[in-house]
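Reading through the structure tokens given below for one structure.
The values are calculated or read from the model by the stated rules, or taken from the named source; none is laboratory data. These numbers were taken from a predicted model, which means no experiment stands behind them. Positions of Cβ are backbone-derived with ideal geometry, glycine not excepted, and every protein chain shown enters the neighbour counts.
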Amino acid sequence: MDLIERYLSAIKRNLPARNADDIVAELRDAIASRIEDREDELGRPLTSEEIAAAIKDFGHPLVVAARFRKQQWLIGPEVFPFYISVARIVLLTVAAIMVAVGVGQVLFGDREPLQALLQTIGGLSSSLLISLSIVTIVFAVLERAGFPAEHIGTWNPEQLPDVGDAQPGPWKAAAEVALSLAFLLWWAGLFSLPIPAGSAEFRIEPAPVFAELYWPILILAAARLLHNLIQWLRPRWKLVLGVTNALTAIGGLALLAMLYRAGHWATVVSTGLPAHEAAELQTSLDLALKIAIVVTGAIWILASLGALWSLSRERPRHATA
Amino acid sequence: MPIEDDQFDKLRIELRRGSLVLAVLAALREERYGYTLRTLLDDAGLPIEEGALYPLLRRLETQGLLTSEWREEGRNKRFYRLSPDGEAILALLQAEWEAIGASLGRLLK
């Protein structure tokens with residue numbers, strides 16, 4: 001009998017406290033009835049081994065107790081598809097950001113490629129683990145709150161992407177979002193890349209125009225991030241995408257024009273470089289940055305025209321659909 | 001391709017699982033406690049593990065389909081029987097079961 005009480009006690013430890021005693025009392029009767037039946041069949045008391053076998057047959061204490069719980073799973077079959085979809089988006093975004101930062105540190109920083117690779121792998125595993133844990137906790141809470149019933153009832157088939165929609169693949173979309181996010185965070189000063197800007201004899205400082213345009217650039221980067229997110233997650237919102245694309249393109253071109261008009265984007269500060277060499281360097285730098293601004297502007301104009309062309313071709317197709 | 005026993009067992013358990021609630025409700029038109037209910041189902045060819053039966057009884061009671069009371073009968077036992085709501089649900093489920101049986105009967109001919 002001691003074994004039965006130990007077994008029941010193990011079950012009770014894992015039962016909801018509110019009705020644990022009541023459940024245990026019922027299970028005690030069930031086990032006793034089973035043993036009595038068996039003893040009647042055999043015409044003798046059961047040995048301790050036979051009692052142990054009967055208890056084992058009843059089930060593992062954790063399993064028996066778990067079946068009395070309301071919640072039988074962390075994330076059930078109805079929530080699982082949403083969980084997997086969101087987890088994939090979050091993990092791809094985190095991975096893309098980590099890889100972009102790692103590559104940035106190799107290209108612009110003073111990190112050795114191997115060192116950067118090892119640090120990226122180390123950071124990647126812990127970041128992915130933390131992200132997955134957070135997503136899992138959020139969806140476990142949603143599971144308890146009955147999330148999918150409402151969403152499944154209210155989703156609109158009209159929002160499904162067209163078959164012909166050029167929805168970016170998950171890696172491309174994640175990379176675009178991650179780069180936008182990484183730039184935004186860098187610009188906001190939330191992390192820094194050790195970009196080499198000079199040598200022992202001189203250093204390069206950004207011109208005051210970048211400080212003057214700090215907020216417009218921050219807002220533009222945030223708007224572009226929003227656009228990339230919508231393109232990835234809601235490709236059917238064509239009007240919204242058209243508007244955000246046009247606004248960010250116009251805003252970007254206006255900013256580029258303001259930058260171009262400033263005429264001076266970086267200053268070479270000599271810390272030992274002869275004056276004429278510093279002046280030559282300044283001239284070369286100004287020319288290089290001028291070309292970069294003009295080329296960037298041209299690329300943006302072409303990209304915007306391409307997007308407008310796609311949008312204009314999209315409309316008649318919908319009109320006939 | 002030969003049918004594996006394991007595959008058949010899984011499908012068979014899945015098929016029978018849905019009918020257990022109906023079987024329990026039908027058996028509890030008369031008052032019974034857990035152990036006698038299990039032996040009755042076993043004898044009727046519908047065996048159910050105790051680890052599954054007792055939580056099922058609690059769930060059906062929480063849903064208002066069963067009532068229960070503790071009574072002294074040799075030992076303290078918890079007796080279950082159908083509530084009025086349980087009787088109504090049983091009638092609906094029975095009709096559903098018969099419709100499924102008839103439909104499957106036609107398909108399997």
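The table that follows gives values for the structure above.
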{"item": "Selection count where residues are under 16 Å from B:VAL21 (Cβ atoms) and within 14 Å of chain A (Cβ to nearest Cβ), scope the range B:59-109", "result": "7"}
{"item": "Qualifying positions in the range B:20-45 - farther than 28 Å from A:ALA20 by Cα and either surrounded by 14 or more Cβ atoms within 10 Å (Cβ to Cβ) or not hydrophobic (A, V, I, L, M, F, W, C) (or both)", "result": "B:ASP43, B:GLY45"}
{"item": "A:LEU305 being in a helix (DSSP H, G or I) and modelled with pLDDT of 80 or more", "result": "no"}
{"item": "Some residue of the range A:133-154 being touching a Gly at 6+ places or on another chain (Cβ under 8 Å) and either at pLDDT 85 or above or among the acidic types (Asp, Glu) (or both)", "result": "yes"}
{"item": "From the options B:ARG38, B:ARG78, B:ARG71, residue that is outside any helix (DSSP H, G or I) and in contact with a helix residue (DSSP H, G or I) (Cβ under 6 Å, 6 or more places away or on another chain)", "result": "B:ARG78"}
{"item": "The one condition in (1) modelled with pLDDT of 65 or more; (2) within 18 Å of the chain's Cα centre (by Cα) that A:PRO170 fails to fulfil", "result": "(1)"}
{"item": "Condition met for B:LEU25 (part of a helix (DSSP H, G or I) and more than 14 Å from chain A (Cβ to nearest Cβ))", "result": "yes"}
{"item": "Pick from the range B:55-109, criterion aromatic (Phe, Trp, Tyr) and out of contact with any Asp or Glu (no Cβ under 6 Å at 6 or more places or on another chain), ranking: farthest from A:ALA30 (Cα to Cα)", "result": "B:TRP97"}
{"item": "Residues (surrounded by 15 or more Cβ atoms within 10 Å (Cβ to Cβ) and either in a helix (DSSP H, G or I) or touching a residue at least 60 places away in the same chain (Cβ under 8 Å) (or both)) located in the range A:51-75", "result": "A:ILE51, A:ALA54, A:ILE55, A:PHE58, A:PRO61, A:VAL64, A:ALA65, A:ALA66, A:ILE75"}
{"item": "Flag if B:ALA52 is surrounded by 13 or more Cβ atoms within 10 Å (Cβ to Cβ) and at pLDDT below 90", "result": "yes"}
{"item": "Residue count for the range A:5-23, restricted to those that are assigned to a helix (DSSP H, G or I), hydrophobic (A, V, I, L, M, F, W, C) and surrounded by 18 or more Cβ atoms within 10 Å (Cβ to Cβ)", "result": "3"}
{"item": "Unique residue being modelled with pLDDT under 90 and more than 14 Å from chain B (Cβ to nearest Cβ) when the list is A:GLU49, A:GLU112", "result": "A:GLU112"}
{"item": "Qualifying position, being within 26 Å of B:GLU14 (Cα to Cα) and assigned to a helix (DSSP H, G or I), among B:ILE89, B:ILE48", "result": "B:ILE89"}
{"item": "Index of the failed condition, A:LEU273 passing every other in (1) touching a residue at least 12 places away in the same chain (Cβ under 8 Å); (2) over 18 Å from A:ILE204 (Cα atoms)", "result": "(2)"}
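Here's the yes/no breakdown for (1) within 14 Å of chain B (Cβ to nearest Cβ); (2) in contact with an Asp or Glu (Cβ under 9 Å, 6 or more places away or on another chain):
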| site | (1), (2) |
| --- | --- |
| A:ILE11 | yes, no |
| A:ARG34 | yes, yes |
| A:ASP37 | yes, no |
| A:ALA53 | no, no |
| A:LEU62 | yes, no |
| A:GLN72 | yes, no |
